[in-house]
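Okay, structure first, notes after.
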Amino acid sequence: MPLNALFLTDGVLSHTHQSRGLLRTISSSVALSIQDFSVQMHSNWMRGFLRKALTMTSDESLSWAAHCFNWPACDYQKPELIVSAGSETMLVNAVLARRYHCDNLFIGGQNGVRAEWFNAVLTLDAPILPNAIAMSLPPSRLTPDVVNDAYAAYQAEGGSHKGACWAMILGGNGGGCHYANTDWQMLIDGMNQLAKSHKIKWLILTTRLTSGHVQERLRRDLKASYVESISTYGLGLDDPLLLLAARAERIYCSVEHLPILFDSIASGKPTLALLPERDSLNQRVHHLLKLLCQERFLSVLKIHELSMGRIARLALPLPEMLSRKNAQLFSQMCSHCPSLTNISQRY
């Protein structure tokens, strides 16, 4: 029998992707039956109510939190495992786990979290809680197998596959990064130089941080014969990142969108993080980038190094290393979750 898992969503794409990625990691070792639960507050003013709840004892916090959210009228099959990401789902996860007497996993920071609320807390920060599992790479919706399947489907539908493509995922001012006009010019010059030297075309993905002025410069100053496509992340129902990773031999990604950078690494494609000349990234981000470089999952370049910067020697074979990392994460979760331990012993 499959393990009944309840997946909590809060409408934030990166949180949804991480939770789905974690369920994918678990499903590679055990069979799952997954139900979705949309987390919604009665009203926004209750956020202050919840902040007050977090200052109380553990039991009081959960009791207060139970009154802040909408609970769907339909009945759910009793879960054996609850999974969620992001602070908006944190208390609902704990309330439901107590109600159903089941295991639960939370992906996020440890601020305000009580260890007794969860079987394990998966975090990118240094462990503080006794049941925290530290990660350098969070769960992702992308895996090398998923990307390979997407490329096979693309080819089967008649998609063009002539010539090599590299991907460029661009951001803008935000997340501790500050782009000057000279950064954008060096980026465009570097892209033109790389396309000429390596005989590739660019798959360009802009994001909500990429200004209209920058997008105009890209279309004007990049040599047209060096550009395969320019699209925007988050403008439509389709997720362009999957096909981008499927078609690209290499991915360059601005660091201000860490969730997209993490997904790029998880795709199994050689990934390079790009930094503007001036940045004020916090210590946590610098630490994560350093860890990923040490583990040889990532290269980091300043934009002025783009045309001559060399990709670091990555962990090879990369898909196998990623699979090993996921297996290690599953083993750590099993040590905290009896439901996973019991069912995995049957497989």
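Given the condition under 18 Å from residue 261 (Cα atoms), among the polar types (S, T, N, Q) and touching a helix residue (DSSP H, G or I) at 6+ places or on another chain (Cβ under 9 Å), answer yes or no: does some residue in segment 132-140 qualify?
Yes, segment 132-140 has at least one match.
Against the definition (more than 18 Å from residue 303 (Cα to Cα), at pLDDT 95 or above and either out of contact with any His (no Cβ under 6 Å at 6 or more places or on another chain) or not assigned by TED's automatic domain parsing to the domain that holds residue 24 (or both)), how does residue 204 come out, yes or no?
Working: more than 18 Å from residue 303 (Cα to Cα): no; at pLDDT 95 or above: yes; either out of contact with any His (no Cβ under 6 Å at 6 or more places or on another chain) or not assigned by TED's automatic domain parsing to the domain that holds residue 24 (or both): yes.
When the stated conditions are applied, residue 204 does not pass them.
Take the residues of segment 58-70 that are in a helix (DSSP H, G or I) and buried (at least 17 other Cβ atoms within 10 Å of the Cβ): which is modelled with the lowest pLDDT?
Here is the first cut: in segment 58-70, the ones in a helix (DSSP H, G or I) are 58-65.
Right, trim to buried (at least 17 other Cβ atoms within 10 Å of the Cβ) and you get 61-62, 64-65.
Working: 61: 79, 62: 81, 64: 70, 65: 73.
Once the filter is applied, the top-ranked residue is 64.
Quick check on segment 230-248. Is at least one of its residues over 25 Å from the mean Cα position of the chain (by Cα) and either under 16 Å from residue 164 (Cβ atoms) or at pLDDT 95 or above (or both)?
Let us first name the residues in segment 230-248 that are over 25 Å from the mean Cα position of the chain (by Cα), namely none.
Looking for residues that are over 25 Å from the mean Cα position of the chain (by Cα) and either under 16 Å from residue 164 (Cβ atoms) or at pLDDT 95 or above (or both), one finds none in segment 230-248, hence no.
I'm checking my understanding of the structure. Among residues of segment 118-152 that are touching an Asp or Glu at 6+ places or on another chain (Cβ under 9 Å) and free of Cβ contacts under 8 Å to residues at least 24 places away in the same chain, which one is farthest from residue 323 (Cα to Cα)?
Checking each candidate, the answer is 132.
Inside segment 289-304, can you point out the residues that are surrounded by fewer than 16 Cβ atoms within 10 Å (Cβ to Cβ) and either in a loop (DSSP other than H, G, I, E, B) or in contact (Cβ under 8 Å) with a residue 40 or more places away in the chain (or both)?
Selection gives 295, 296.
What number of residues within segment 257-274 are within 16 Å of residue 204 (Cβ to Cβ) and among the charged types (D, E, K, R)?
The qualifying residues number 1.
State whether the residues of segment 184-191 include one that is surrounded by fewer than 21 Cβ atoms within 10 Å (Cβ to Cβ) and modelled with pLDDT under 95.
no
Determine whether segment 71-88 contains at least one residue that is within 28 Å of residue 331 (Cα to Cα), assigned to a helix (DSSP H, G or I) and either in contact with an Asp or Glu (Cβ under 9 Å, 6 or more places away or on another chain) or modelled with pLDDT under 70 (or both).
yes
Condition test on residue 196, is it outside the structural domain of residue 329 (by TED's automatic domain parsing), over 30 Å from residue 126 (Cα atoms), out of contact with any Asp or Glu (no Cβ under 8 Å at 6 or more places or on another chain) and surrounded by fewer than 22 Cβ atoms within 10 Å (Cβ to Cβ)? Spell out how you get there, then give the answer.
Numbers: outside the structural domain of residue 329 (by TED's automatic domain parsing): yes; over 30 Å from residue 126 (Cα atoms): yes; out of contact with any Asp or Glu (no Cβ under 8 Å at 6 or more places or on another chain): yes; surrounded by fewer than 22 Cβ atoms within 10 Å (Cβ to Cβ): yes.
Yes, satisfied.
Restricting attention to segment 249-269, does a residue exist that is in contact (Cβ under 8 Å) with a residue 60 or more places away in the chain, buried (at least 23 other Cβ atoms within 10 Å of the Cβ), within 21 Å of residue 190 (Cα to Cα) and small (Gly, Ala, Ser)?
So far as segment 249-269 goes, yes, one or more of its residues are in contact (Cβ under 8 Å) with a residue 60 or more places away in the chain, buried (at least 23 other Cβ atoms within 10 Å of the Cβ), within 21 Å of residue 190 (Cα to Cα) and small (Gly, Ala, Ser).
The values are calculated or read from the model by the stated rules, or taken from the named source; none is laboratory data. Values in this document were obtained by computation on a predicted structure and should not be read as measured data. Here the Cβ is made from the backbone with ideal geometry for all residues, glycine too, and neighbour counts use every protein chain on show.
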